[in-house]
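Readers should treat all values here as calculations from the given coordinates under stated rules, not as data from a laboratory. What you are looking at is a predicted structure, and each value in this text was computed from that prediction instead of being measured. Cβ placement follows ideal geometry from the backbone for every residue including glycine, while neighbour counts extend to all protein chains displayed.
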Amino acid sequence: MNSIVLLMIHYFGDSVKTKTKVMKLAYFLGELLKRRDLGFYAHFYGPYSDKVSNALSQLVYLGFINEKCLEFGYDQQGFERYRYDYSINKEGKKVVRLAEGQCPKEAERIKEAGAKLKDAAGDMDYMALSYAAKTYFLLKAAEKTMTSDEIRRKAEAFSWRLVKHDVDRSVQFLKGLSLVKTS
């Protein structure tokens with residue numbers, strides 16, 4: 001799992017802003033690679049994986065990834081707001097080269113899927129990726145075609161608030177990844 005997360009961040013330019021974005025990129029990377037062992041489940045910000053979160057924490061602890069905490073003041077309830085950004089450091093780049101050398105086929109698969117994801121995502125921020133992940137999670141669970149309104153109603157069961165614009169934009173992104181088809 002550590003290799004997947006490390007290689008993913010590497011193929012996204014050696015850094016990713018926000019843990020939520022790391023999680024959503026890993027979710028879509030797993031879908032593109034048809035990996036069912038990543039352990040994603042419904043969470044407030046969309047699909048979440050303890051395995052991916054633990055791998056990220058281990059990579060930080062082992063000194064391969066730098067974690068930068070940025071404080072954003074306080075929210076309406078008085079809680080502090082933080083953002084965590086991640087970047088691969090010099091030691092991490094050595095591990096990337098080692099992983100690419102030891103598992104070249106898997107590294108190439110991750111690189112190709114990452115390129116497809118990067119191309120489709122463009123400059124999508126973590127919120128747009130979160131909406132797309134929620135949309136896909138619901139579509140995949142339903143195993144059927146759904147309208148924007150049906151997706152939004154299903155989202156309420158998870159306390160997810162999606163508006164039509166977010167769902168429509170998400171579907172376009174998912175089409176770009178060839179994860180959904182529309183008629």
Shape category assigned to segment 106-145 from the gyration tensor of Cα positions, a/c cut at 1.5: oblate
Segment 1-68 - Rg and Dmax from Cα coordinates, angstrom: 11.1, 31
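Using the count of nearby Cβ atoms within 10 Å as a rough guide to exposure, how do Tyr41, Tyr48 rank from fewest to most? Before the final figure, lay out each step's value.
Numbers: Tyr41 9, Tyr48 19.
Taking fewest neighbouring Cβ atoms as first place, the list is Tyr41, Tyr48.
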Top positive-direction residue, dipole computed over the chain with Cβ charges, set Leu6, Phe44, Val180: Val180
Of Lys21/Lys164; Lys68/Lys164; Lys134/Lys164; Lys34/Lys116; Lys105/Lys134, pairs whose Cα-Cα distance is over 23 Å: Lys68/Lys164; Lys105/Lys134
Over the chain: helical MRE at 222 nm, DSSP H runs n ≥ 4 each giving -39500 (n - 2.57), nearest 500: -18500 deg cm²/dmol
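Within a 10 angstrom radius of the beta carbon, how do Tyr136, Tyr61 rank from fewest other beta carbons to most? Walk me through the numbers before you get to the answer.
Numbers: Tyr136 24, Tyr61 10.
Listed from fewest to most nearby Cβ atoms, that is Tyr61, Tyr136.
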Debye intensity ratio I(q)/I(0), log10, segment 97-183, q values 0.16 Å⁻¹ (C-alpha model): -0.67
Where Rh is the Kirkwood radius over Cα pairs, Rg/Rh for segment 2-176: 0.98
